[in-house]
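Single-structure report; data block below.
The values are calculated or read from the model by the stated rules, or taken from the named source; none is laboratory data. Quick caveat, the model's predicted, so the values are computed rather than measured. As a convention, Cβ positions derive from the backbone with ideal geometry for all residues, glycine included, and neighbour counts pool all protein chains shown. All accessible areas refer to the heavy atoms of the entire protein, side chains included, with ligands and DNA or RNA removed. Shrake-Rupley method; radii C 1.70, N 1.55, O 1.52, S 1.80 Å.
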Amino acid sequence: MDENEARERRWRLAIGGEDDQLPPGDQRLSAALTMLYGAEEDGDPNAKSQKRRGGLGRSAPAVSKWMGDIREFFPTPVVQVVQKDAFERLGLQQMLMEPEFLQAVEADVNLVADLVSLRNVMPEKTKETAREVIAKVVAELMERLERKTAEALRGAVDKSRRTNRPRFADIDWPRTIQKNLHTWQPDHQTVIPERLVGFMRKQRRIVDLDEVILCVDQSGSMAPSVIYASIFSAVMASLPVVKTKLVCFDTAILDLTDQLQDPVDVLFGVQLGGGTDINQAVAYCEDKIEAPSKAHLVLITDLYEGGNKQELLARVARLIGLGVNVIVLLALSDQGKPFYDPSLSSKIAALGAPVFACTPDQFPDLMAAALRRDDILAWAASEDIKVIAEEVEAG
């Protein structure tokens, strides 16, 4: 198919028309699109200008076939866009009540958020299917994020001490190569190291561990951030190098620390939606901090506060004064484009707390920098992350 033919094909599929005029493969593609973006007669059955309508109906088998066709014809990012359109245009939250639909749907973080928010109204047979879908997404995300998080956080490396028997992750490759240049093999263009040089890990007692509290806003707009924060909390809790706590909040507080061994249980414990009382949540976390100089409070919220803003600012200032490493993430999501309260965020930034959005792939390195007590603003600049500046008062 040459470029002109390909362009004509795209236009015919976009504009629509009689399916029998299309090749068989394109007929299936056109039918799949028409199910969601199909045309509705505008009073005249022969009218060329037609309104859009939805056509999925309530048949789960039809939806399963539709989802199968969509997955066949489009890459995953496009499939997720089409699913989102289906939820919005056709009210497909009702479809989430049908196990057949859940088994066919392309699962992602946004679908997990939908399932979590609807779990209390699902029939039991559907709830089990929903749990399987959530577990699948969690497993995929854990596979993507767990190794990087473990490598970033596992053990504090003391670079002042060297060892000739380092773990693989602790090998100092430049020094190792330098010490073994005499073993250079010209035929293989490589060095065969006879002696490894690496870093000695610090041995840290439980009482000496840093404590990390993830305090997460579970209002509806923060749903993807809640999902990712829950998964990271579970990963970090599995590493014997930090003490991890997870606190979710709206106008109530939900401490999920005791459930971190199973991230699916954590997500089923989350209550997405509701108002926001950040001050109350930070007060709860303040009470849980054991050693301020070893504590890191990661507050994940859009900062639309429904509680007492002045008390919140005073509390954050007090925590920073005590030595707590306070970091505010406006979003923890793949998009990394937050919707937030600019006034309150600037005031918190003025207190000395870094305020910005972060992607899940950046989060492990952020936590490693936080545990090292690095300059987080400098770290953010190195990642090309836009941080919130303190508000400059006129006059």
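A few comments on the model shown:
- Spin-label model, Ser382 to Ile253: label points 7 Å out along the Cα-to-beta-carbon direction sit 3.5 nm apart.
- Shown is the FRET efficiency for Trp173 and Glu124, computed with R0 = 45 Å from the Cβ-Cβ distance and rounded to the nearest 0.05: 0.25.
- For a paramagnetic label modelled on Ala135 (point 7 Å from Cα along Cα→Cβ), amide N atoms under 12 Å away belong, within segment 241-277, to 263-265.
- Modelled spin labels at Glu290 and Lys148, positioned 7 Å past Cα toward Cβ, are 3.0 nm from each other.
- When Lys243, Lys386 are compared by accessible area of protein heavy atoms, the largest-first order is Lys386, Lys243, using a 1.4 Å probe.
- Accessible area in the full protein assembly, largest first, 1.4 Å probe, for Tyr228, Tyr340: Tyr340, Tyr228
- Taking all protein chains together, Glu124, Glu383, Glu143 sort by accessible area into Glu143, Glu124, Glu383, largest first [probe 1.4 Å].
- Residues whose placed amide H lies under 5 Å from that of Thr276, excluding near-sequence neighbours: Gly306
- Mean-position separation - Cα centroids, segment 316-362 and segment 210-278, in angstrom: 17 Å
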